[in-house]
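Engineer: Take a look at the following structure, please.
Values quoted throughout were computed directly from the atomic coordinates according to the rules given, and no laboratory measurement underlies them. Because the structure is a prediction, the values reported are computed rather than measured. Positions of Cβ are generated from backbone atoms using ideal geometry, with glycine treated the same way; all protein chains shown enter the neighbour counts.
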Amino acid sequence: MNISTQSSGAKRVAEELSRNAIPVPTPETQHFWDGTAAGELRLQRCSLCAQVFFPPRPFCPACASRSVEVFAASGRATLYSYTINHVQPRDQPQAPQSMALVQLEEGPRMISTITDIEQTPAALVLDMKLKVAFRQLSESIWLPVFKPDTGFS
Amino acid sequence: MVRAAIVGAAETTGHGRIPDLSALGLAADASLNALLDAGLTIADIDGVATGYLSPAELAWYLGIEPSWLDGTSIGGCSWLAHVRHAAAAIEAGLCSTVLIAHGESGRSFQGMPNYNMVERQSLSQQFDAPYGWTGGAAMFGLPILRYMHEFGMTEEQLASVAVVQREWAAGNERAIHKHPITVAEVLASPMVAYPLRRLMCCLVTDGGGALVLTRADRADHLRQRPVFLLGSGEASGSYLTGIAQVDDPLRPGFVRRSAELAFLSAGIGREDVNHLMIYDAFAHTPIWGLEGLGFVEYGEGGPFIEARHTAPGGALPMNTNGGGLNYAHSGSYGMFLMQESIRQLRGTADAQVPNASISLCHGWGGYLSACATLILGNQLP
């Protein structure tokens, strides 16, 4: 019996995931997506305990204060860890691409992808410096991605 | 004190590829098998638990009139959490006999529930799915490179997990993959999500299983040698958006929390455990488990497995059914962990560990964002 990750079930999951790949904001996350459309990576900071946090929510996950502010992050980050995904949906075949855990300069980590660089273990070096960029997915949604920070922008 | 015992346990009749049953049908099939195993009937059951499917629907489908229900759905470990909850409910007198069932058509995809993985507008849909997330490997594997970087684990050590588990699988009639493999073959298998290769990834199968729990003082009169829940824990660290948000993905605090709860409630130490089941969705997750549970120090899990301590003949037999890599994995693997622990404690496993008396079962949920830990034994303390 040939049972592998290429079963019809796995393919169904991959296709379902790829169909849902354009973010649809909620009221609590709208400011984040307004930010990316304006070319900013917006995070939140607690006005009481100064905790910086992501993903968006209208209170501080460290101290439960509802007094929180939105601010534009530097967009600077380092590469904490990653995978290079070779599993692609049948209806949207594409080259293997990185899925990354990115360590933001302000503290939070986020999942993203690294662009403008070869998608290989040799090119993608842990702790490399990164800078946010924005990829347009639809009329209103711009996705934050990261590229090597060459020092010029 | 009233204690709970597992008095019935069975998997689905079919195994691996079962295209003629839906997820609900598989849960029902396993339930009927578990009742038969226990020598009990539908009328004996007054509590029902299942994950992702509705416990109310399953109860009604089987003709059960429940007065206790649990639909906890926190990933593949949900069914371990159900055992913990059901035992507490039985001990508190809320119900007397609970059916915990799992059915999943992971391969044939018949009647599958919505997992809410990328529900429109969910945080995962907004912040995970857009990055080419096409399944488990890319997301589950995210912390591995950091771990290799920090602790010096080699790809050969990661591959050795798959090799050792294949050795266990060879002794299991129902294992899907049984032929031996080598580290070189694992490292030559196709890349799925670097650094995870095909032979480091779990199966995708149809199937499931069910358990029947009742008061330990009733168990003596029933058909099977009872298996007792000696201790348990459960914990979560984030949600699918996931391991990115766990404070330290290499030393996740929630895993240790679940482990400490389990060992404290069982009143035993790590050295008392003589059989281990740790959820292997991918080759690295038993390493995270060995370390998080405190069997080895952080960073030592890879060398520990490579040195054959968990292999046949080793001091700490682990994943003796061959694991999710070789035996079965329908999407949620937790029920299969418990079935093998119970077989070992009954002395009826295919790859029987001599004198197995205390088995620890540890499951993951949501790509390493939640977990549950059970300590099972074949004698009361």
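Engineer: How far, in degrees from 0 to 90, does helix B:78-91 lean away from the longest principal axis of the Cα atoms of chain B, to the nearest 10?
Structural biologist: Orientation of helix B:78-91: about 30 degrees from the principal axis.
Engineer: Using 7 Å Cα-to-Cβ label points, what is the B:D217/B:T154 separation (nm, one decimal)?
Structural biologist: Each label point is offset 7 Å from its Cα along the Cβ direction, giving 5.8 nm.
Engineer: Quick check: net charge around A:K147, other residues with Cβ under 13 Å of its Cβ, Lys/Arg +1 and Asp/Glu -1?
Structural biologist: Values: positive: A:R76, A:K129, A:K131, A:R135; negative: A:D116, A:E118, A:D149.
That sum, taken over residues with Cβ under 13 Å, equals +1.
Engineer: When averaged across all projection directions, what area in nm² does the alpha-carbon convex hull of chain B cover?
Structural biologist: 16.9
Engineer: Something else: Considering the convex hull of the alpha carbon atoms of the protein assembly as shown, report its projected area averaged over all viewing directions, in nm², one decimal. Don't jump to the answer; show the numbers that get you there.
Structural biologist: On the way: hull surface 95.6 nm².
Mean projected area of the Cα convex hull: 23.9 nm².
Engineer: Angle, helix B:155-169 long axis vs. longest principal axis of chain B, Cα atoms, 0 to 90°, nearest 10?
Structural biologist: The answer is roughly 30 degrees.
Engineer: Beta carbons within 10 angstrom, averaged per residue: use that to sort the peptides B:67-78, B:244-255, B:179-190, B:33-44, highest first. Each step should come with its number before you reach the end.
Structural biologist: Values: B:67-78: 21.9, B:244-255: 19.2, B:179-190: 14.3, B:33-44: 17.2.
In descending order of packing, they fall as B:67-78, B:244-255, B:33-44, B:179-190.
Engineer: How well do other chains shield peptide B:196-203, expressed as the mean number of their Cβ atoms within 10 Å of each residue Cβ?
Structural biologist: Mean inter-chain Cβ contacts per residue within 10 Å come to 3.
Engineer: What order do you get for B:D350, A:D34 when you list them from fewest to most C-beta neighbours inside 10 Å?
Structural biologist: A:D34, B:D350
Engineer: OK, next. Within 10 Å of each Cβ in peptide B:136-146, how many partner chain Cβ atoms are there on average? Round it to a whole number, please. If you can, show how the numbers build up before the last one.
Structural biologist: Working: counts 4, 7, 11, 5, 1, 6, 8, 5, 3, 11, 7.
Rounded to a whole number, the mean comes out at 6.
Engineer: Further question: What does the charge count near A:L41 come to, summing +1 for each Lys or Arg and -1 for each Asp or Glu among other residues with Cβ under 14 Å from its Cβ? It would help to have the intermediate numbers written out before the result.
Structural biologist: Working: positive: A:R42, A:R45, A:R76, A:R109, A:K131, A:R135, A:K147; negative: A:D34, A:E40, A:E105, A:E106, A:D149.
Residues near A:L41 contribute +2 overall.
Engineer: Within the set of other residues whose C-beta is less than 14 Å from the C-beta of B:L53, count the net charge using Lys and Arg as +1 and Asp and Glu as -1. List each step's numbers first, then the result.
Structural biologist: Numbers: positive: none; negative: B:D29, B:E57, B:D70, B:E104.
Here the count lands on -4.
Engineer: What number does the stretch B:1-43 give for Rg over Rh if you use C-alpha atoms and the Kirkwood radius? Each step should come with its number before you reach the end.
Structural biologist: On the way: Rg = 12.6 Å, Rh = 11.5 Å.
Checking Rg against Rh, the ratio lands at 1.10.
Engineer: Could you tell me the calculated FRET efficiency between B:R174 and B:A43, based on Cβ-Cβ distance and R0 = 22 angstrom, to the nearest 0.05?
Structural biologist: Details: r = 30 Å, r/R0 = 1.38.
Working from the Cβ atoms, E equals 0.10.
Engineer: For chain B, take the longest principal axis of its alpha carbons; what is the angle in degrees between that and the long axis of helix B:253-266, to the nearest 10 within 0 to 90?
Structural biologist: In chain B, helix B:253-266 runs at an angle near 40 degrees to the longest axis.
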